[in-house]
Amino acid sequence: RLYGFGERFVPLDQRGRRFESWTTDPLGVSSHQAYKPVPFGLSSRGYGLFVNSSARIEFDIGATSPLSAGFALEAGELDYFLIHGPRLTEVLRRYWRLTGAPPTPPRWSFGFWSSRFGYKDRKEVEDVARGYRARGIPCDVIHLDPQWMGGPKTWCHLTWDTAAFPDPAGMLAALRAQGFRVCLWENPYVPQGSGLYAEGAARGFFVRDAAGQPWLLPGWAEKNTPTALVDFTHPGAVAWWREQHHRLLKMGVAAFKTDFGEWAPEEGRYHDGTSGAEVHNLYPLLYNKAVFEAMEAHSPGQGLVWSRSATAGSHRYPVHWGGDSRTSFGHMASSLRGGLNLMLSGFAYWSHDIGGFIQESNPALYARWAQFGLFCSHARAHGTTPREPWVFGPEAEAIFRKYAVLRYRLLPYIHSCAARAAATGRPLLRPLLLDYQDDPNTHTLDLQYLFGDAFLVAPVFAELDDVRVYLPQGRWHDYWTRQVHTGPGWITVHAPLDTLPLLVREGAIIPMGPAQQFVDEKPLDPLTLDIYPAGAGACAITAMAAPIETSYQLDKRSLTLDIRGYQGQVEVLLNGMPAPQEVRVNGVRMNRWEAREHALAVKFPATGTLQLRLDFSA
């Protein structure tokens, strides 16, 4: 079986397919075309193939003959790597050593992002912000689509429409005081007739045609004017584009949605002499690199883009989202397939449009998509019509709140798993085959996935209340009922509309924080450790300046838990454990524990180094 090759909205196993590695705007998530083609794939035989070229590549993965796989590229030289594992996680780690490791995005980016196409003025933005806070629904980022610049003729000149958004610096500061950051939409196409176009054309910063004039793309939306493409092979153009972002960053903008980038012309003339046929696939990387590095220069460690197009190496400039899905369960499922394929192509973080992008959504679809979306590395609701949870009625709003509050409580877990991704070769969201490579039953599973080291997630992709879920080897706890299942094998999970099928791997330690309305609203106090003991376990928590180290040992008569590097209140939840005969904290007897419905709960203060010991009857 062969996997990866980019964000391909097709089943995981690419065997039997022929396709081009060529950046395209597929106008959806249901075709073989891709916003993010990546000439890197993995084999179930334990190796990876990376074709080191940005030219057009045609892969034939057992389509012409089931006996062979091959590729052909339109370039003058052949340069490729075979990367041995034999574990696929080791292949990914070696690929990252070759192409660069994915950085951990800023902690605030793991909060919820609210968006639509688009918020038309300042009042609408501020009303939406008040709506989240008044309803107790956590939210960190409000994204503004191109309307922040005015009408279509001004997309993209990177200048505020101050008639619709008066005093933008004041708006940004007021939202920041409420715990909101603001992300702005952009693309790399500058409209003819704007001041930015005149400056870029005069300085030679655009891709040129055969006559040496700016190459003009037709308008990509109704009433758009023709646009020129920034030439990111030109160092001066890169510095100029970065400076446009420095101006906005100084004003208080937190991030940029770097949309588009798929249309670099093959026939264009580029400053550094690279042919258009080789720049086309490379263009999204150069575009996102320029914006990401502008953010890093302004605020080190805070670099972040929200990008649609990509290629090999783009994983160094996260985050990427899945493009223009339609509002259907089918497109929801295709979105997940695309994300899992991308994770097998060397990426570590990924998101998609909760509710679907094109057309109106409906309450049941929105609720199911929210459950799925809030259990991805990054979570954003976005669409051509409003996507705020309260738009879909009280039941959908309540379901969204339930999972958003849970996500925010899980932020110490989410951030910790993300921080370990590059070292372990395990993206935050990933197909089961990465962890269970020796189980052939996992090799084609693309409608369920692992979320970090503890959770198996099986989103519901239809208006059904029962879902078939495959469990690999081991014992798995239903997160909601704490019922224990033993794999390998299939189970049926009852999942009414408010229930996302979630299974927890035995042995897991899940660090959780307090409920909050935005990231870092409150300190990590109390720290909850939700533990599913099995022999031994360990977890490094990176939610604070210094990591918190936790580990436990379990035998037939006792459980010993060590915590290092934390000061504050600790709540330990021990699932599936009998009542203890004795509880000791740092050797001092403390028989204060609570028997809850599914777990033992012990609360105590921690002072930097701590040991909890529970002794059970013989």
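Here is how the numbers come out for the structure above:
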quantity	calculated
The chain - mean residue ellipticity at 222 nm from DSSP helices (-39,500 (n - 2.57) per run, n ≥ 4, rounded to 500)	-7000 deg cm²/dmol
Amide hydrogen neighbours beyond the local backbone of ARG17, cut-off 5 Å, H modeled	ILE61, ALA63
Over region 155-312 - Rg/Rh using Cα atoms and the Kirkwood inverse-distance radius	0.98
Projected label distance in nm at ASP209 and LYS223, using a 7 Å step from Cα toward the beta-carbon	2.6 nm
Reachable aspartates and glutamates, given that their alpha-carbon falls under 13 Å from the alpha-carbon of LYS402 and they are not under 8 places away in the same chain	ASP498
Angstrom value of the Kirkwood radius, inverse mean 1/r, which spans all Cα pairs in the chain	25.4 Å
Inter-probe distance in nm under a simple model that places probes 7 Å from Cα toward Cβ, at ASP525 and ALA72	6.7 nm
GluC sites (Glu not before Pro) restricted to DSSP loop in region 502-603 with at most 12 other C-beta within 10 Å	GLU597
Long pairs among LYS123/LYS257; LYS120/LYS153; LYS36/LYS257; LYS556/LYS603; LYS257/LYS289, criterion Cα-Cα beyond 18 Å	LYS123/LYS257; LYS556/LYS603
For region 187-295, accessible area per residue (1.4 Å probe, heavy atoms of protein chains only), Å²	37 Å²
Residues listed by number, region 303-325, amide nitrogen under 14 Å from THR274 label point at 7 Å toward C-beta	310-314
Sulfur and carbon atoms: percent of accessible area, region 1-152 [1.4 Å]	49 percent
Estimated inter-spin distance, GLN569 and ALA169, nm [label 7 Å along Cα→Cβ]	4.2 nm
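The values are calculated or read from the model by the stated rules, or taken from the named source; none is laboratory data. Because the structure is a prediction, the values reported are computed rather than measured. Backbone-built Cβ (ideal geometry, glycine too); neighbour counts: all protein chains shown. The protein model used for the area step is the full one, side chains on, heavy atoms only, and it has no ligands, DNA or RNA in it. Shrake-Rupley method; radii C 1.70, N 1.55, O 1.52, S 1.80 Å.
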